[in-house]
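Asks: Take this structure first; my questions come after.
What follows draws every value from the coordinates through simple rules; no lab data is involved. In this text, all values refer to a predicted model and were calculated from it rather than measured experimentally. Glycine gets a Cβ as well: all are built from the backbone with ideal geometry, and neighbour counts include every protein chain shown.
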Amino acid sequence: MINRTRRLRKTENIRRLVRENKLTIDDLIYPLFIEEGENIETEIVSMPGIKRFSLDTISKELDEVVALDIPAVLLFGIPSEKDDTGSETWNDNGIMQRAVRFIKKNYPDLYVITDVCFCEYTSHGHCGIIHDNDVDNDATLVNLAKQVISHAKAGVDMVAPSGMMDGMISTIREALDNTGFPNLPIMSYAVKYSSAFYGPFRDAADSAPTFGDRRTYQMDPSNRDEGLREATFDDQEGADILMVKPALSYLDIIRDLKNNFDRPIACYNVSGEYAMIKAAAANGWIDEERVMMEALLSMKRAGADIIITYFAKDVAKVLLKK
Ligand code: PBG
């Protein structure tokens, strides 16, 4: 036989030589939930191993992240006060701003990214200002600029807008450029679907909408071409990194972006994807470590350069042991 593909699979060393994709610690961003208050260390029931911390309890988590050599964290703030505009998001002394200052002061090398949105801060749980029972896009952009400038002043390394407002990237780019932050990069949640896989996160971040859903701003899971259109606009508006979210059910979209854009591509391995693996493993139905590594590797193979994942610490431990 001329062609026998098994010749290159015979031993681990030849498999190493022909291996096309690798998951490394360098690929990982670890999300953190930081809650206003003191002495908080609350387990999130649907996300085993993930907790909400207050600033006075978060150091041991950060020590671990740094010891495992994870390059970056993505912060989500959980404020004690919510209102209908989410005005806490642009309070220079808000939980997010204080968290950024705390981390940059105590862990100056850790790369800090903030999730830029309103849903954890609004009384109605939507990602912007409500007019006529829907999120008002352009009114929300005005507040988005205020939020991002406040994060920038606190010393964040990168901002990651996740609200799926039209024009959010150009608004943020302009706001940063005009206030002395032309070098602060933007990672856009460019192609973000209206997904049931966010369920556990909404418990974790206390951000479920009190009425309706997010289908008027997040994408329809049926659509693929539209993902390219979303990414094109964000690319043109100056997003430095383009993200696809969720990851596992959207590997085709990750590949589309990789093939079409000369920008780093990120994906978000979301809470529901994490919860499913943890739950099946807890029942003894799957091998947690192998399924975790295989799922994350599939994201690399699809074309992701960066993976945001609640598994970051677990993966780093596996990789360091090898
Ligand atoms: C919204 C936001 C969400 C997630 C990250 N940012 C949830 C949503 O759109 O409702 C989900 C993350 C996850 O499920 O892990 N600011």
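Asks: If you take the square roots of the eigenvalues of the alpha-carbon gyration tensor of segment 21-321 and sort them as a ≥ b ≥ c, do you get rounded (a/c under 1.5), prolate (a/b over b/c) or oblate? If you can, show how the numbers build up before the last one.
Replies: Details: a/c = 1.33, a/b = 1.14, b/c = 1.17.
In terms of gyration-tensor shape, rounded.
Asks: Here is a further query. Just order 153-161, 106-114, 268-276 by mean Cβ neighbour count inside 10 Å, highest at the front, would you?
Replies: Details: 153-161: 21.0, 106-114: 16.7, 268-276: 23.4.
Going from most to least packed, we get 268-276, 153-161, 106-114.
Asks: Can you give me the long-range amide H partners of Tyr193? Hydrogens built in the peptide plane at 1.01 Å from N, cutoff under 5 Å, separation of 5 or more residues or another chain.
Replies: Residues meeting the amide H criterion: Met219, Lys245.
Asks: For the Cα atoms of the chain, what angle does the longest principal axis make with the long axis of helix 168-178, in degrees from 0 to 90, nearest 10?
Replies: Between the helix axis and the principal axis of the chain, the angle is about 70 degrees.
Asks: Next question, about the same structure. Just want to confirm a number: the relative contact order over the chain, from Cα pairs under 8 angstrom separated by 6+ residues, in percent.
Replies: Details: 600 pairs, mean separation 59.1, N = 322.
18 percent.
Asks: Right, another one. Just to confirm my numbers, what's the Cα centroid distance between segment 248-312 and segment 171-224 in Å?
Replies: After rounding, the separation between the Cα centres reads 18 Å.
Asks: Round to the nearest 10 and give me the degree value, 0 to 90, for the angle of helix 251-260's Cα axis relative to the longest principal axis of the chain.
Replies: Result, in degrees: 80.
Asks: Next question, about the same structure. Between Cys127, His151, Leu320, whose Cα lies farthest towards the positive end of the dipole of the chain when Lys and Arg beta carbons carry +1 and Asp and Glu beta carbons carry -1, centred on the Cα centre?
Replies: The residue sitting farthest along the positive end of the dipole is Leu320.
Asks: Using only helices, what value at 222 nm comes out for the chain when you add -39,500 (n - 2.57) per DSSP H run of length 4 or more and divide by the total residues, to the nearest 500 deg cm²/dmol? Each step should come with its number before you reach the end.
Replies: Details: 11 runs with 123 residues, N = 322.
Dividing the helical sum by the residues of the chain leaves -11500 deg cm²/dmol.
Asks: May I pose another question? Quick one: helix 137-154 against the long Cα principal axis of the chain, what's the angle to the nearest 10°, folded into 0 to 90?
Replies: Value to nearest ten degrees: 80.
Asks: Taking H as built 1.01 Å from N, whose amide H comes closer than 5 Å to the amide H of His126, not counting residues under 5 places away?
Replies: Those qualifying (amide H under 5 Å, at least 5 residues apart or on another chain) are Thr210.
Asks: Next question, about the same structure. Applying the Karplus parametrisation 6.51 cos²θ - 1.76 cosθ + 1.60 with θ = phi - 60° to the phi angles of segment 17-27, what ³J(HN,Hα) value in whole Hz is obtained for each residue in order, glycine and proline being reported as x?
Replies: 5, 9, 5, 8, 10, 9, 8, 10, 4, 4, 7
Asks: May I pose another question? Highest mean first, how do 73-84, 58-69 rank when packing is the count of other Cβ atoms within 10 Å averaged over residues?
Replies: Numbers: 73-84: 18.8, 58-69: 15.7.
Peptide ranking by packing, descending: 73-84, 58-69.
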